Amino acid sequence: MRVEREKLILMALRVLAQRHWQAQKGPVEAGPGDRLALALLFAFSRSGDRSVYDEFWRNLGERFDEAFSETVANVWRHNTCQSSISWIMRDVGAPADAEFNAAVYHPARAGALTPAPPAAPQPPNPAGT
């Protein structure tokens, strides 16, 4: 089975988005799923610049000890990860629109970008209406 480029990009971005939201509550240890998602997205990179992909990886677990409080550190981590994801999305050619962002951050509400389940067969209408 062959998966389309756009579907791979969407799935990898969803991994990053999930980790991004987890990281707003505190440092997150990056794991193999994050590595795979970043590597796949970098393979589709148009710029060839790996620095932002590495930055996302580092910032997931960054403690931001220079922050005034844990809350400020969490905001900094959230913002740096969001900045990285936005740049990565542009770098891989993802659409810059609200529908695609919803598909990345809210897959359950993604609408047309998420395949709909097949419709149940309808019984024939004997009355002909």
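The numbers here are math on the coordinates, done by the rules we state, and not lab data. Everything numeric in this text was worked out from a predicted model, so none of it was measured. So basically every Cβ, Gly included, is an ideal-geometry build from the backbone, and we count neighbours across all protein chains shown.
Summary table
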read-out: Rg to Rh quotient for the range 5-110, alpha carbon positions, Kirkwood Rh; value: 0.97
read-out: Phe44 paired with Arg5, simple spin-label distance in nm, labels 7 Å along Cα-to-beta-carbon; value: 0.9
